[in-house]
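Everything on this sheet refers to the single structure shown next.
The values are calculated or read from the model by the stated rules, or taken from the named source; none is laboratory data. Owing to the predicted nature of the structure, the values given are computational and were not obtained by experimental measurement. Cβ coordinates were reconstructed from backbone atoms using ideal geometry, including for glycine residues, and neighbour counts include every protein chain displayed.
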Amino acid sequence: MPISPTSRDAAESPQLFSPPELNRQIWDRAAARLLAKMLGEFAYEKIIEPVPVPGTGGRHRLTLDDGGVLAFTARRGVYGSWRVDPGSIEITAQPQADGSSAASADVQSNGSPATRADVQSNGSADAPANGSPAASRPFRDPLTFLTRARDLLGLDGTTLGHLIRELTLTLSADARLDHTALTADRLAAQDYAELEGHQTGHPWLVASKGRLGFSAADAARFTPETRSPLRLPWIAVSTRIAQFRGVGRVSTPDQLYAGELDPDVRDAFADELRARGHDPEDYFYLPVHPWQWDEWIVPLFAPAIADGDIVALHTDGDARLPQQSIRTFANVDRPERHTVKLPLSILNTLVWRGLPTERTLAAPAVTSWVQGLCEGDPFLRDTCRVILLGEVASVAVEHPLYDHLPEAPYQYKELLGAIWREPLPPRLAPGERARTLASLLHTDPTGRAFTAELVERSGLAPETWLKRLFAALLPPLLHFLYRYGTVFSPHGENAIVVFDENDVPVRLAIKDFVDDVNVSARPLPEHDTMPDEVRAVLLTEEPSFLTQFIHSGLFVGVFRYLSPLCEEQLGVSEDTFWSLVRAEIVRHHARFPELKERFELFDMLTPEIERLCLNRNRLHVDGYRDRASRPHAAIHGTVPNPLHPSVRVRE
């Protein structure tokens, strides 16, 4: 039957949608916060050096490329950090010799075109007609700031172009979060997996939610802030091109699938393979991200699909929520089932989010070794009761060409696989609940900090609550460092605080071992039991730098923001906050006097530490270029360590 013109138009005309969160009020609020974050973090990393204005209570000035002057109020804090007030940022044009303004005459401070009324008789949108210095006006546009400060920031044209895109996408995600934000009291009732969808992203990285590769429709469907459960499709991959690894109760594929897939689902998968002439015994099953399948796997594994080595199946029916890392999914229908981590080849927070083949295969062995250390140590096992969420099974699929080209961009070697991680809910005692450390930095639409809400619910004095927090977090991390020369990366996403029924912190859960566990490059007797497979994939660092993972992951990456928040909302001064952190470390030293040499080898209390720079990496070191290996944080100078008794917390 021929298609009528009307039906043809309907069939060929896609439906457009306009995200409801993209309105000026929400956008401006998110933009002001991002600009303040940008100024603060760029100043912390010495990308910019604002000039203090004497006698103004923290006012600073920054001269842009075109002579315009940005002024803002900032409070200085630990590690030489900056906390910029979003509402304080103003722009003033720099008058030129002819009385005109150096700032663009056709762009207002918010980046929108100037109207005729905005343009004065001298042709400038920023300077009055008499040629006197222009009045300041509010400024809240981080994107326009980049274009007016590109030389100041040291940006080449390629980096600037990509950075504008990444920051625009970050702002769009921030607007979506603002549009659906909950108050702190309602957030406190959320469980672990649901709370993840309300987090605002990396507090340090400015371009924290770029997700380069996602379309607007992808972002509306697959990102944590949409809080939309997915039913992931599964595929079967031939044992000719795939490898399986497992430990403990899931040491074989059958053991894994018996717990992860209902019998009728396993039967349906097997029937599908037999219908295509394949023996199910010759295949591994794994879930796949639908975006990854469409964008990368079908195009790049087309020969394997044609050969029947990769067979598309259907969903297992379980609803899973994307967590903060986007590529990790918690099973919300069956919380006792594993969390699954999948490759997702988008560029986000410095790296492509795939799964390297070698590290995917090694993940269960790393889990076995790390958990073995804990199980054999009464302090970690019984006193700290630390929860180590192991990556206990994995399937990795090499690409037949890319994986054997050392010079190929690394994102082409991380395309297809899955890691199954132990779920958190079954590890919690009755009455306990868990929240990622990142949640403690969250502030709700009314300005109330989530931490303040939890402290109030606990009934404890703020200082006492913080002591409990540090007593839950630090001892297991320090003991792994000192006793075993092993560190995790306890940043806000990997470190999980476990609370009792009164919202008092009681213990720590840690995840993401194969990517974020590092060991001492100096040989230690405790490493003698490390399997060769584990030794081959774990990164090693000199003892003097190994401490950086706790400093940068926990202290710089979380406590640097938490301490001023506690001063503002709990009345606990930053000096007191950091003295409590220091006291917990000293208490740990006193508990294990036999490790005195290790305390000196892994010295947490040095007067200064190296300044790790995450934004500098994007702006100046790697930019957006392809690399054969994953990039690492840049180092630029040193900063005072607030844990050293001689260091003042605030400059």
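Things to note:
- Exactly one residue among A628, A633 is in contact with a Pro (Cβ under 9 Å, 6 or more places away or on another chain) and closer than 27 Å to Q411 by Cα, and that residue is A628.
- Looking only at the stretch 267-290, and only at residues there that are under 26 Å from A306 (Cβ atoms) and without any contact (Cβ under 8 Å) to a residue 12 or more places away in the chain, the one that is surrounded by the most Cβ atoms within 10 Å (Cβ to Cβ): A270
- Pick from the stretch 134-173, criterion surrounded by 14 or more Cβ atoms within 10 Å (Cβ to Cβ) and in a loop (DSSP other than H, G, I, E, B), ranking: modelled with the lowest pLDDT: A134
- D262 passes every criterion in (1) within 16 Å of T239 (Cβ to Cβ); (2) surrounded by fewer than 18 Cβ atoms within 10 Å (Cβ to Cβ); (3) out of contact with any helix residue (DSSP H, G or I) (no Cβ under 9 Å at 6 or more places or on another chain) apart from (1).
- Check on R337, among the charged types (D, E, K, R) and either crowded, with 22+ Cβ neighbours inside 10 Å or part of a loop (DSSP other than H, G, I, E, B) (or both): yes
- Of all residues making up the stretch 235-249, the number that are of a type in the set (A, V, I, L, M) and over 29 Å from the mean Cα position of the chain (by Cα): 4
- Single residue of P400, P423 found to be over 22 Å from the mean Cα position of the chain (by Cα) and surrounded by fewer than 21 Cβ atoms within 10 Å (Cβ to Cβ): P400
- Hits in the stretch 518-572 (condition: among the hydroxyl-bearing types (S, T, Y), assigned to a helix (DSSP H, G or I) and over 15 Å from L441 (Cβ atoms)): S544, S552
- Every residue from the stretch 592-627 that is assigned to a helix (DSSP H, G or I), in contact (Cβ under 8 Å) with a residue 60 or more places away in the chain and in the same structural domain as F559 (by TED's automatic domain parsing): L595, R598, F599, L601
- R630 vs. criteria in a loop (DSSP other than H, G, I, E, B), in contact (Cβ under 8 Å) with a residue 60 or more places away in the chain, outside the structural domain of I346 (by TED's automatic domain parsing) and touching a Phe, Trp or Tyr at 6+ places or on another chain (Cβ under 8 Å): yes
- Selected residue [in the same structural domain as L361 (by TED's automatic domain parsing), among the acidic types (D, E) and at pLDDT 95 or above] from E453, E422: E422
- Number of positions in the stretch 72-82 that are within 22 Å of G637 (Cα to Cα) and crowded, with 21+ Cβ neighbours inside 10 Å: 6
- In the stretch 413-444, the residues that are of a type in the set (G, A, S) and either assigned to a helix (DSSP H, G or I) or farther than 30 Å from T239 by Cβ (or both): A429, G431, A434, A438, S439
- Sole residue being more than 29 Å from S439 (Cα to Cα), aromatic (F, W, Y) and either crowded, with 18+ Cβ neighbours inside 10 Å or out of contact with any His (no Cβ under 9 Å at 6 or more places or on another chain) (or both), chosen from F599, F545, F555: F599
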